[in-house]
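Beneath this line is the structure, given in structure tokens, with notes to follow.
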Amino acid sequence: MSANQTGYERPSWDDYFLDVMHALARRATCDRGRTACVFVKEHQILCSGYVGSPPGMPHCDEVGHLLKTVTHEDGTQSTHCMRTIHAEQNAICQAARRGVALAGATLYCKLAPCRTCAMLLIACGIQRIVAEYRYHVGGEAEEMLRNAGIQIEYIHDETVVYK
């Protein structure tokens, strides 16, 4: 950010869209990861999404989590809530319902995409991802995205791990 003569600091485009993402994350309905995302092209918001159950289905905040334990190839385990749709998945569905093309867009998100979301983002043709944090099961996803030529930038070089 840079200050003008009045001392006001106008946010960069990245900061602006990350602020929008934070506001959207307040709508998320799974307290394990109140995440959201915004797809942007040419400084215009195309669509957005947040973590939540499919329309008409109960939310974690209402009925609790539907937790499953996943065992990874290296023997480590992680627990995931299966009741919710990831923010990226919700946003892609919103774009599909409204006929909005995401090719060439930038994704602003709290956590770097998981493997499944990475595959969807590659298929959508996005060009850039600005993520606040790394995701604890995101190594393979990050490699896939980079191999597809998608630029990934992290605001914080920290990894978020859900309990």
Revision key, fill the gap. Only unsatisfied item for S48, checking (1) open to solvent by 40 Å² or more (accessible area, probe 1.4 Å); (2) of a type in the set (S, T, Y); (3) modelled with pLDDT of 90 or more; (4) touching a Phe, Trp or Tyr at 6+ places or on another chain (Cβ under 8 Å), is (1)
Review point. Within the bounds of the stretch 99-110, is there any residue that is closer than 25 Å to P58 by Cβ and in contact with a Phe, Trp or Tyr (Cβ under 7 Å, 6 or more places away or on another chain)?
Key: yes
Point to revise | Residues being modelled with pLDDT under 95, buried (at least 23 other Cβ atoms within 10 Å of the Cβ) and out of contact with any helix residue (DSSP H, G or I) (no Cβ under 8 Å at 6 or more places or on another chain) - total across the stretch 78-130 | key: 1
**Study point:** Selection count where residues are loosely packed, with under 15 Cβ neighbours inside 10 Å, β-branched (V, I, T) and part of a strand (DSSP E or B), scope the stretch 144-163
**Key:** 0
Check your understanding: So is C37 farther than 21 Å from V100 by Cβ, open to solvent by less than 10 Å² (accessible area, probe 1.4 Å) and touching a His at 6+ places or on another chain (Cβ under 9 Å) or not?
Key -> no
Review point. Is at least one residue of the stretch 64-71 surrounded by fewer than 16 Cβ atoms within 10 Å (Cβ to Cβ), closer than 20 Å to A141 by Cβ and not β-branched (V, I, T)?
Key: yes
Revision key, fill the gap. Restricted to the stretch 4-31 and to residues being among the aromatic types (F, W, Y) and under 16 Å from the mean Cα position of the chain (by Cα), the residue farthest from G64 (Cα to Cα) is Y16
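The values are calculated or read from the model by the stated rules, or taken from the named source; none is laboratory data. Since we're looking at a predicted model, the values are computed, not measured. Methodologically, a virtual Cβ is constructed for each residue, glycine included, from the backbone with ideal geometry; neighbour enumeration extends over all protein chains shown. Side chains are part of the model used for accessible areas, which takes the heavy atoms of the whole protein and leaves out ligands, DNA and RNA. Shrake-Rupley method; radii C 1.70, N 1.55, O 1.52, S 1.80 Å.
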